[in-house]
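The values are calculated or read from the model by the stated rules, or taken from the named source; none is laboratory data. Just so it is clear, the model here is predicted, and its values are computed rather than measured. Ideal geometry is used to build each Cβ from the backbone, glycine not excepted, and the neighbour counts take in all protein chains shown.
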Amino acid sequence: MGLTLAVSHVFKSYDGKPVLQDCSFPFEKSGTYVLTGPNGSGKSTFFRICALLENPDRGKINYLSGSILIEKNIELRRRITLLLPRVGVFNMTVFKNVAYGLTIRGANSDETGERVHKALDFVGLLQKKEQKALTLSSGETQRLGIARAIVTEPEILFLDEPTASVDLENTKIIEDIILRMKKIGKSIVVITTHDMAQAERLADWLLLLKDGRIVSAP
Amino acid sequence: MYSIIEGFRKALFLILYLDPELLRIILLSLKVSGTALIISTALGLPVGSLTGLKKFPGRGFIMTILNTLMGLPPVVVGLFVYLVLSRRGPFGFMALLYTPLAMVIAQSILAFPIVAALSHSAIIKIDPLIKQASFTLGATPFQVTTAMIREARYGIMAAVIAAFGRVMAEVGAILIVGGNIAGYTRVMTTTIALETDKGNFELALALGIILLMLSLVINMALYLVQRKGVLQT
């Protein structure tokens, strides 16, 4: 049974300033959810809470497998992945960066090699696999981040502003990667963007975060 | 009057013909300082990592103490270790004074704050995004910590090399706690001090040349490590 996420009545504020207020939404079907909203509307906070990087002040983040509630532990964290707007790159080769998630899960080298090659090919970085990751351009770094995120085949993938810091050419490449992921359709992909046109291009379900709530639902 | 040129000639003769006494002194120096470095790294790296990775009450105070200890005069360390290990001291019953182990303890105390403080500096310079990336990819807290330490590896290596340079060149502490006993606790720096006092400059100069060469090698290693770290970031 695939993993689903139910966000229920989540509140979060920083220094007394409310960011999320009674925010609720179920992510139940595989496909692409695009969460839009102006800068500062709380999209990243929402993602950080969903990805268990932060706790809400109130409310619940429930991960479910069918009707079974999944405990928030390392096993759950390994079934979800968050890609931040700025990708933190390890000082090692592109290959080893992408292999990281598999290495920490104890995957053997044959399986790791095969899956990393597949992921790098998917994002168009296979030729650069032996290159130092810190020498990649910002667009390539973002694609590396996507490869690193998908190589572990997460059941829920959060992509926070994946094209915010890249040029037009790389934006198109990344959008194409997301659309190809959509065709495979194995997992739930949740993306934030403040670009409405991009949101419409990518979304199966378009959501709007306004005044701390998800106000527009499919 | 003593001829400096003649002294250098004899010193080079001792080095080229691998004088047994010279070799014994060099080996003991490397053994004492190497052991002290292993101990100080084993203790200093966890402290540097903990203070670099975790925020907790008293962290700033610990760093202030470590930074202060980095400038600790070796003779003060020697005096402290002497008092602790002397017959009337709390560990006098262990009879460690005037042994190589006492010298290792003194040098470990000198090297520890250097390894800890410089490792701390190397770790806090790592981009916080690395920690978040590691976490969001499913790393356990231990795996996040090892990822951060690996990212700081060049800075940590530089810390260890700097500490080795400090203990190899040190004389005050080991002279006090080692006693400079021939064939037992006599190392390069203490031999130079003694032989100079005696007017026996050949051995002192030979050891001085070796010490300078070691210092050159240490500094070249430090430069190369730092250069590699800079090039890769």
Practice problem: Could you check how many residues of the range B:1-10 are surrounded by 10 or more Cβ atoms within 10 Å (Cβ to Cβ), modelled with pLDDT under 85 and among the hydrophobic types (A, V, I, L, M, F, W, C)? | Solution: 1
Quiz item: Picking from B:Ser29, B:Ser33, which residue would you name as being part of a helix (DSSP H, G or I), out of contact with any Leu (no Cβ under 7 Å at 6 or more places or on another chain) and within 30 Å of B:Thr145 (Cβ to Cβ)?
Solution: B:Ser33
Quiz item: Does A:Glu153 meet the test of being on the phi > 0 side of the Ramachandran plot, out of contact with any Phe, Trp or Tyr (no Cβ under 6 Å at 6 or more places or on another chain) and among the acidic types (Asp, Glu)?
Solution: yes
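Considering only the range A:165-182, I want to know if a residue exists there that is in contact with a Cys (Cβ under 7 Å, 6 or more places away or on another chain), within 23 Å of A:Phe25 (Cβ to Cβ) and touching a residue at least 60 places away in the same chain (Cβ under 8 Å).
Step one: list which residues in the range A:165-182 are in contact with a Cys (Cβ under 7 Å, 6 or more places away or on another chain), which gives none.
No; the residues of the range A:165-182 include none that is in contact with a Cys (Cβ under 7 Å, 6 or more places away or on another chain), within 23 Å of A:Phe25 (Cβ to Cβ) and touching a residue at least 60 places away in the same chain (Cβ under 8 Å).
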Self-check item: Residue pairs meeting the criteria (Cβ under 9 Å; at least 6 apart or on separate chains; first facing another protein chain (nearest Cβ under 7 Å) and assigned to a helix (DSSP H, G or I), in the range B:129-149; second among the acidic types (Asp, Glu) and surrounded by 18 or more Cβ atoms within 10 Å (Cβ to Cβ))
Solution: B:Ile130/B:Glu151
Exercise. Filter the range A:59-76 down to residues that are in a strand (DSSP E or B) and among the hydroxyl-bearing types (Ser, Thr, Tyr) and give me whichever is nearest to the other protein chains (Cβ to nearest Cβ).
Key: A:Tyr63
Practice problem: Residue by residue through the range A:94-109, note down the ones that are under 15 Å from A:Gly145 (Cβ atoms) and not aromatic (Phe, Trp, Tyr). | Solution: A:Val94, A:Lys96, A:Asn97, A:Val98, A:Ala99, A:Gly101
Exercise. Tell me, please, whether a residue that is polar (S, T, N, Q), within 11 Å of another protein chain (Cβ to nearest Cβ), without any contact (Cβ under 8 Å) to a residue 60 or more places away in the chain and in a loop (DSSP other than H, G, I, E, B) can be found in the range A:80-91.
Key: yes
Practice problem: Specify the residue that is modelled with the lowest pLDDT; the eligible residues are those in the range A:158-187 that are under 18 Å from A:Asp121 (Cα atoms) and aliphatic (A, V, I, L, M). | Solution: A:Ile184
Exercise. Scan B:Gly179, B:Gly155 and give me the residue that is under 27 Å from B:Gly71 (Cα atoms) and under 17 Å from the mean Cα position of the chain (by Cα).
Key: B:Gly155
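Conditions tested, residue by residue: (1) at pLDDT 90 or above; (2) surrounded by 13 or more Cβ atoms within 10 Å (Cβ to Cβ); (3) touching an Asp or Glu at 6+ places or on another chain (Cβ under 6 Å).
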residue	(1), (2), (3)
B:Thr189	yes, yes, no
B:Asn200	no, yes, no
B:Gly208	yes, yes, no
B:Leu216	yes, no, no
B:Tyr223	no, no, no
Exercise. Kindly check whether there is at least one residue in the range A:8-27 that is touching a strand residue (DSSP E or B) at 6+ places or on another chain (Cβ under 7 Å) and within 13 Å of another protein chain (Cβ to nearest Cβ).
Key: no
Quiz prompt | Among the candidates A:Pro26, A:Pro18, residue that is assigned to a strand (DSSP E or B) and without any contact (Cβ under 8 Å) to a residue 40 or more places away in the chain | solution = A:Pro26
Quiz item: Looking at the range A:92-111, which of the residues that are facing chain B (nearest Cβ under 8 Å) and buried (at least 18 other Cβ atoms within 10 Å of the Cβ) is farthest from A:Gln131 (Cα to Cα)?
Solution: A:Ile104
Quiz prompt | Test: residue in the range B:111-126 that is surrounded by fewer than 22 Cβ atoms within 10 Å (Cβ to Cβ), within 14 Å of chain A (Cβ to nearest Cβ) and not basic (Lys, Arg) | solution = yes
Exercise. Restrict the check to the range B:43-65 and report whether at least one residue is at pLDDT 95 or above and in contact with a Phe, Trp or Tyr (Cβ under 7 Å, 6 or more places away or on another chain).
Key: yes
Practice problem: Check B:Ile109, B:Ile15, B:Ile105 and return the single one that is modelled with pLDDT under 95, β-branched (Val, Ile, Thr) and outside any loop (DSSP other than H, G, I, E, B). | Solution: B:Ile15
Exercise. Using the structure shown, decide if A:Leu35 is under 24 Å from B:Leu129 (Cβ atoms), within 14 Å of chain B (Cβ to nearest Cβ) and under 16 Å from the mean Cα position of the chain (by Cα).
Key: no
